[in-house]
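Quick notes on the structure that follows.
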Amino acid sequence: MLLLQAVLLFLVLPNHAEVTTAEEPGVRITPPKETCAGWMAGIPGHPGHNGTPGRDGRDGTPGEKGEKGDAGLLGPKGETGDVGVTGAEGPRGFPGIPGRKGEPGEGAYVYRSAFSVGLETGVTVPVPNVPIRFTKIFYNQQNHYDGSTGKFYCNIPGVYYFSYHITVYMKDVKVSLFKKDKAVLFTYDQYQEKNVDQASGSVLLHLEVGDQVWLEVYGDGNHSGLYADNVNDCTFTGFLLYHDTN
């Protein structure tokens, strides 16, 4: 391509080198200074070297705030930190809302039923299988024990505690505690010759109004060695532990 351009340039140049006129032979006439219609560009030059970098421009104005991005994944749980210092006590809060009304409580009335009795000194125990009459009264304020029959009569339904302590002398003793014509507790003590012995028993019983409780000797007449004197007693005690609420 370059070679072709050079040939064409060479062919054009002689037509414009010298121009003469008929009026003045031999005189060179300079062609007017204007661009030749058949002019062609020369061969491109080599690229120049890169210039030195320019200085940094001024900072641009901040752009508008972008939209909030999606929440990232939950990271692993960190280690437990040290316990902080206890803060100062805060101000006292307002009173709370009153609670619900409680269940009705028991009445102010106190239920009482108790007795404690013993054998009189020198009293001979009656025949077996009948209630033992304890006529020595230690306590019987409510009169729920009847000394004429030897029986305790329940006036307040609930749980009662009964106990007895007997002194044994001259004969063996077999004693049972009865409730409503049924023996519920038995005690047997064998007499030791020329000696005084003691035996006891206790039990909790639930009683209804009208139930009766007493002691009696069971077996034959050879097991009625109950004894009482100035220094030895036979006692029978009972009291209400708690009454029924129904």
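Details
- In summary, the lysines within cross-link reach of K194, defined as a Cα separation below 17 angstrom excluding same-chain residues under 8 places away, comprise K171.
- Net length gained if the chain between S202 and R100 were fully extended (0.36 nm per residue, minus Cα distance): 32.4 nm
- The C-alpha radius of gyration of region 196-237, expressed as a fraction of 2.2 N^0.38 Å, stands at 1.50.
- Only Lys, Arg (+1) and Asp, Glu (-1) charged, at Cβ; region 114-243 dipole about Cα centre in debye: 180 debye
- P(r) tail fraction, region 114-243 - alpha-carbon pairs more than 23 Å apart, %: 26 percent
Each reported figure results from applying straightforward, stated rules to the coordinates on display, with no laboratory input. Computed from a predicted model, the values in this text were never measured in an experiment. No Cβ is skipped: glycine too gets one built from the backbone with ideal geometry, and neighbour counts run over all protein chains shown.
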